[in-house]
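The values are calculated or read from the model by the stated rules, or taken from the named source; none is laboratory data. As the structure is a prediction and not an experimental result, all values here were calculated from the model. All Cβ positions, even for glycine, are placed from backbone atoms using ideal geometry, and neighbour counts span all protein chains on display. Just the protein is used for accessible areas: all its heavy atoms, side chains included, with ligands, DNA and RNA removed. Shrake-Rupley method; radii C 1.70, N 1.55, O 1.52, S 1.80 Å.
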Amino acid sequence: MFKRINDTFTDRVRVSVEGRDVLVAPGDTVVAAIFAAGKDYTRISSISGEKRGPYCLMGVCYECLVEIDGVPNQQACQTPVREGMRVILQRGLRGLRQ
Amino acid sequence: MKNTYDLIVIGAGPAGLAAALEAVQYDLSVVVLDDQTGPGGQIFRAIERIPAVDRRLMEKAYLRGKVLAERFRDSTAEYLPGASVWQLEPDRIVSCSVNGSSRQIKGKTILIATGAMERPVPIPGWTLPGVMGAAAADVILKSSNMVPAGRIVLAGSGPFLYLVAGRLAAAGSNIEAILDTMPRANYLDAIPYLPRALFAWESLLKGLVMFWKVWRFKIPVYRNAKEIQARGRDHVESVLVESGGRLREIQIDGLLLHEGVIPNTQLTRQIECEHEWDPIQYYWKPVTDAWGFCRVEGVAVAGDTAGIGGAEAAEMAGSLVALEAARRAGAISKTARDLAAKPFQKSRARVLSVRPFLDHLYRPVSYVRVPRDDTIVCRCEEITAGQIRDAVTRGGVGPNQIKSQTRCGMGPCQGRMCGTVLSEIIADSLKIRMPEVGYYTVRAPIKPVPLGEVAEMEIFH
Amino acid sequence: MNTGIKTTDIVVIGGGIIGAAVAYGLTKTGSSVVMLDEGDTAFRAARANFGLVWFQGKGLGSRRYVEWCLEATDKWPEFAAELFGINGMALFYENTGGLRLCYTWEDFQKRKALIDGLKDQNGKRPYDCEMLEHQLVQDMLPGVRLGESIVGASYSPRDGHLNPLCLLTSLHDCFQHKGGRYFPAHAVRKIRQVNDVFIIETGAARFGASKVVLAAGTGTVHLASMLGMRIPIQPQRGQILVTERVRPTLSVALETIRQTNEGSFLLGASHEEVGFDVHTSTAVVQKIARRAIRAFPDLAALKLVRCWGALRVLSPDEMPIYLESEEFPGVYVVTSHSGVSLAPLHACHIPGWIVECRVPQGFADFDLRRFHVQKNQ
């Protein structure tokens, strides 16, 4: 849904989104990695089963909840990327133990 | 890091940074708590990361942020990035979570400078992936050099809509159209405020430049746009709009909505500041005195959180709070404070003289403030305006009752996206005024915090 | 302002779980009923309820109360079905069985003494509650890891839980469905008797009724004083924590931890004498969090999303107060801190008592004389 316009941000960080590796820049948030992986939604609603994607990108709407390194319901837009990070879309409710 | 400070600043936008810089001049101990990883807030987002070559995409005003951030880094003010403030207690104890653990610190003065949020724009289909706020596109352009792919439409009103359209077009986005919802009658309403607005002529000039940039890219603008709806299955595929008497459907890959910005009052509500309803721009803002202080002892609000005024006014307001904080800490006398305040007060008044004009010109339209029955109002719990109206019919007279009955406002966003709309629907249904309707009772934690962190946190004493 | 008087058979003052249950039950008697309620920011114990339908542990010292509680839990499934039959609103009532955890051996012995006392009090009739040690408790909770330090618990198969917000909404809905008239934002300022009619004045309107029910929670004290009654109830604050939603994991209701139908964990509870202060406090929130994590260590990873405080409505012996005014016959007081558990009885026995003068057996145990007896001793 979003594409990078140039390579100004150097230094690539490897992040895995839904099992697929993408390269992003240090300082990018996880949501940029999700966009770079070609996904336009971050979660499946536990209420309606619909796909939901980020809306505000500034930490207000809580739509961009994903599982990061085993911890569910993290705001992708508020989390900076780290080398080796594993991101999985939030499908419905989390379990008690992950 | 210490346990107590003369001034704790929450938010690292222009108000917060200016307050910190002013306060250290008087040798106050200052810490700025920022939920972002670098200073600048939203308006100067990622200012430290933007390399020189990208400046051609940005305006001069944005670069002011670079100066502020540099001076802030050089100052003696402490900076705590990645800090999520989840509670403020009446004796000015702040609970915040950093790097997986929560701590409490106390301030002689607290400055809430948490800025603004984009007004949520509930239209049918707004929960489809691919529908976002215009500010979202701006944020990811600044922080990650990304633009929306495919055919994009922007819808709403206000100079920021055009600003973003111009920026995205300059960055290579395909902007299919702008759907401008501003009713023509607003021009007439705003004219009486134009003479006063001329005192802040640079703001007006900036606005004209914004429109010129959009015109330059030959983006079609549909005026008096009404009945906007997003359509699609798993993703937004088209947008419907009525304009010039015609109903159109435009095939798109992304829709960006904007109907102005409103104060982010989650923390001011939690600490129980008094709030008043702005009847022109339809938003809640905290009630503050001339120095920015609210009715809770030692708690001040500055910048857009106190009422939308823009970055320059925010800096002035932050500086004024710092002066009063200095007086409270015994660092300057009342007379010295008043003297030092004069240039800030003068500057702020001048910059704000454009507001009545802009506020009247860009009053948000009623169908996004009081949406029709089939529109989702509470995105988190997926509650529609129709369900809310049913609850009102059943006897719910206020937002807290409706929340209990429908779960509207009980989701992760804690009512940030639905609160104002809910109150407006109640006011509209019962034909009572917004101040009478009120707003949700907001309680801590204002951001989710792991139970384990709460259990292990050392309580301030 | 409306100067006319709205007349009705019965006015119920209070729109919480007790007021709404009584009001709903009264509509079934064929009387015309008005329910008056305060506005959006009233104290409302109902909005802060934990949601337990609870039998175990209550009523040491009053066999009558134990029977009352038992009858209520027995009637719950039928009551839930009755409301559902009217409006199709789920209450998410589940008879899951209930556990009350014991965190130390001392706690366990103390609890055992209480349960044994209740068994003795019940005489020949079985008292459905047993003490279980750690492993047996863990066996009941396959989905969650029980904290090592938990010694055991008391367990009753009669206990359960429901969604209290749904219950309140449903009672209101059924009340209106049956022709009851609800007036929110009508706080009562004055009650007086003129000939045989009670005139109730709110800011917005006046009502005339031959019977009045005071079911206004902590507000009942002030209302009752207008009619010469001193009702000894005190507010007691409880704080509750709510976590993010989780897949269904905890299949039994615990006295201070339960998983709601939406998936959130509710954690309680505190018992604070702080007057009418409904704020939360970090120290108490932390204490509740710590105890919950001691019970189920995996809760530590869940995010806290909401806290609130509300006021329980407590009599000195924590039992209900049901009485008809002696000075003003026709005025009834109905107050209890177990509004949810007792709702089925508040919807049938209480209306029967009010309208048809069918006084339940042993009902006198619930009026004020029991306090005077204690005072004289």
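A compact table of results
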{"quantity": "Residues of the stretch B:71-104 satisfying the condition of being under 19 Å from residue C:280 (Cβ atoms) and either in a helix (DSSP H, G or I) or among the β-branched types (Val, Ile, Thr) (or both)", "calculated": "B:85, B:93, B:94"}
{"quantity": "Filtered residues of the stretch B:4-25 (kept if assigned to a strand (DSSP E or B) and touching a helix residue (DSSP H, G or I) at 6+ places or on another chain (Cβ under 6 Å))", "calculated": "B:7, B:9"}
{"quantity": "Checklist (1) more than 14 Å from every other protein chain (Cβ to nearest Cβ); (2) of a type in the set (A, V, I, L, M, F, W, C); (3) open to solvent by 30 Å² or more (accessible area, probe 1.4 Å) applied to residue B:43, failing item", "calculated": "(1)"}
{"quantity": "Pair list, Cβ under 6 Å, 6 or more apart: the stretch A:59-86 residue at the interface with chain B (Cβ under 9 Å from one of its Cβ atoms), other residue open to solvent by 10 Å² or more (accessible area, probe 1.4 Å) and assigned to a helix (DSSP H, G or I)", "calculated": "A:59/A:78"}
{"quantity": "Test: residue in the stretch B:418-436 that is at the interface with another protein chain (Cβ under 8 Å from one of its Cβ atoms) and of a type in the set (A, V, I, L, M)", "calculated": "no"}
{"quantity": "Members of the stretch A:1-51 that are more than 7 Å from chain B (Cβ to nearest Cβ), more than 16 Å from residue A:91 (Cβ to Cβ) and among the acidic types (Asp, Glu)", "calculated": "A:7, A:11, A:21"}
{"quantity": "Qualifying residue in the stretch B:238-245 (condition: modelled with pLDDT of 95 or more, within 12 Å of chain A (Cβ to nearest Cβ) and part of a strand (DSSP E or B))", "calculated": "no"}
{"quantity": "Residue list for the stretch A:24-71, restricted to those being open to solvent by less than 40 Å² (accessible area, probe 1.4 Å) and among the β-branched types (Val, Ile, Thr)", "calculated": "A:24, A:29, A:30, A:31, A:34, A:42, A:60, A:66, A:68"}
{"quantity": "Any hit, the stretch C:92-106, residues being assigned to a helix (DSSP H, G or I) and surrounded by fewer than 18 Cβ atoms within 10 Å (Cβ to Cβ)", "calculated": "yes"}
{"quantity": "Subset of the stretch B:267-288 (residues that are polar (S, T, N, Q) and touching a helix residue (DSSP H, G or I) at 6+ places or on another chain (Cβ under 9 Å))", "calculated": "B:268, B:281, B:288"}
{"quantity": "Residue within the stretch C:242-253 that is in a strand (DSSP E or B), closer than 15 Å to residue C:336 by Cβ, open to solvent by less than 10 Å² (accessible area, probe 1.4 Å) and in contact (Cβ under 8 Å) with a residue 12 or more places away in the chain present", "calculated": "no"}
{"quantity": "Top-ranked residue in the stretch B:87-122 [being of a type in the set (Val, Ile, Thr) and in contact with a Phe, Trp or Tyr (Cβ under 8 Å, 6 or more places away or on another chain); ranked as nearest to the other protein chains (Cβ to nearest Cβ)]", "calculated": "B:93"}
{"quantity": "Positions within the stretch A:16-47 being of a type in the set (A, V, I, L, M) and farther than 29 Å from residue C:263 by Cβ, in sequence order", "calculated": "A:22, A:23, A:24, A:25, A:32, A:36"}
{"quantity": "The lone exception for residue B:347 - which of (1) within 30 Å of residue B:241 (Cβ to Cβ); (2) open to solvent by 30 Å² or more (accessible area, probe 1.4 Å) it fails", "calculated": "(1)"}
{"quantity": "Qualifying residue in the stretch C:275-282 (condition: surrounded by fewer than 16 Cβ atoms within 10 Å (Cβ to Cβ), of a type in the set (D, E, K, R), within 30 Å of residue B:103 (Cβ to Cβ) and out of contact with any helix residue (DSSP H, G or I) (no Cβ under 9 Å at 6 or more places or on another chain))", "calculated": "yes"}
{"quantity": "Whichever residue in the stretch B:3-38 is within 14 Å of chain A (Cβ to nearest Cβ) and among the polar types (S, T, N, Q) and, among such residues, is nearest to residue B:115 (Cα to Cα)", "calculated": "B:36"}
{"quantity": "Of all residues in the stretch B:353-390 being touching a residue at least 12 places away in the same chain (Cβ under 8 Å), closer than 16 Å to residue B:228 by Cβ and assigned to a helix (DSSP H, G or I), the one that is most open to solvent (accessible area, probe 1.4 Å)", "calculated": "B:367"}
{"quantity": "Listing of helices (runs of 4 or more DSSP H) fully contained in the stretch C:293-377 that carry 1 or more residues being under 22 Å from residue C:53 (Cβ atoms) and within 15 Å of the chain's Cα centre (by Cα)", "calculated": "C:343-346, C:349-356"}
{"quantity": "Every residue from the stretch B:243-264 that is within 25 Å of residue A:53 (Cβ to Cβ) and open to solvent by less than 20 Å² (accessible area, probe 1.4 Å)", "calculated": "B:252, B:254, B:255, B:256, B:257, B:258, B:259, B:260, B:262"}
{"quantity": "Considering residues of the stretch B:105-116 that are open to solvent by 10 Å² or more (accessible area, probe 1.4 Å) and part of a strand (DSSP E or B) only, the residue nearest to residue B:156 (Cα to Cα)", "calculated": "B:116"}
{"quantity": "Residue list for the stretch B:156-201, restricted to those being of a type in the set (D, E, K, R) and either out of contact with any helix residue (DSSP H, G or I) (no Cβ under 9 Å at 6 or more places or on another chain) or farther than 18 Å from residue B:359 by Cβ (or both)", "calculated": "B:167, B:176, B:184"}
{"quantity": "Test: residue in the stretch C:112-132 that is out of contact with any Phe, Trp or Tyr (no Cβ under 6 Å at 6 or more places or on another chain), part of a helix (DSSP H, G or I), touching a residue at least 60 places away in the same chain (Cβ under 8 Å) and not acidic (Asp, Glu)", "calculated": "yes"}
